[in-house]
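Notes to accompany the following structure.
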Amino acid sequence: MTALWHPSPNFGPRRNGLQPELVVLHYTGMKTTQAALQRLCDPAFEVSAHYLISPQGTLFQLVAEDQRAWHAGAGQWCGTSDINSRSIGIELANRGDRPFSHLQMTVLETLLRQILERWRIAPVDVIAHSDMAPDRKEDPGARFDWRRLALQGLALWPEGVAQDRPLADSLDMIGYPDAAADKRLQAFRLRFRPWGQGPECAQDRMRAAAVANGVRAARGGLRP
């Protein structure tokens, strides 16, 4: 797939010899693709991503994959920090209040296949911005179709539920960082149970247990 090169000045070298081992998906939260491009390329805002995909399916590359784009910010995943140095960031032009277009998702799927193969990244390591920063981020949000990606081997989406066990234990095993319990529950629901509402319930715990089992299986039976 050929991307339109639209360079951002907001990048630097990956630190400590790190290479991409994660892909982090975002929505821009802005009204238009052009507004997002301007923001991601404005040195005053010190934010960028490797790629941006418009609702019409146009793919822009802003930062070379071997460089450290500034998309993830503070957060952790599976006990590791400096996610910017460990990841490739993909922004989807979407305000966060509407479905992602078929064209946008189709381009994302093609791009993800290439990135996962190029850097030998496992589908379990394709995550949401809200996964690694549950206390401050909600993107790509409840309208993003993670199951669609999983059906093509591009993300994790275990079906069903498992035996009820403490939610915190399952979220730790999945990789969620330490944060307020309500924020961790919200991040988990955004990703794996977007229809969930209200206080924590047995369905949250059993769904999280199923996801934790899926993560463990994907990592060869080892806790991340």
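Would you tally the residues in segment 6-39 being closer than 21 Å to residue 175 by Cβ and hydrophobic (A, V, I, L, M, F, W, C)?
Residues in segment 6-39 being closer than 21 Å to residue 175 by Cβ and hydrophobic (A, V, I, L, M, F, W, C): 5 in total.
Please list, ordered by first then second residue, the pairs with beta carbon atoms under 6 Å, 6 or more apart or interchain, first in segment 6-32 and over 23 Å from residue 126 (Cα atoms), second aromatic (Phe, Trp, Tyr) and open to solvent by less than 70 Å² (accessible area, probe 1.4 Å).
6/60
Please pick out the residue among 220, 214, 153, 198 that is modelled with pLDDT under 95, open to solvent by 10 Å² or more (accessible area, probe 1.4 Å) and not β-branched (Val, Ile, Thr).
None of the other options fit; the residue is 220.
The values are calculated or read from the model by the stated rules, or taken from the named source; none is laboratory data. Keep in mind it's a predicted model, so treat the numbers as computed, not measured. Using ideal geometry, Cβ is built from the backbone for each residue, glycine included, and neighbour counts are taken over all protein chains shown. The area values use the complete protein model at the heavy-atom level, side chains included, leaving out ligands, DNA and RNA. Shrake-Rupley method; radii C 1.70, N 1.55, O 1.52, S 1.80 Å.
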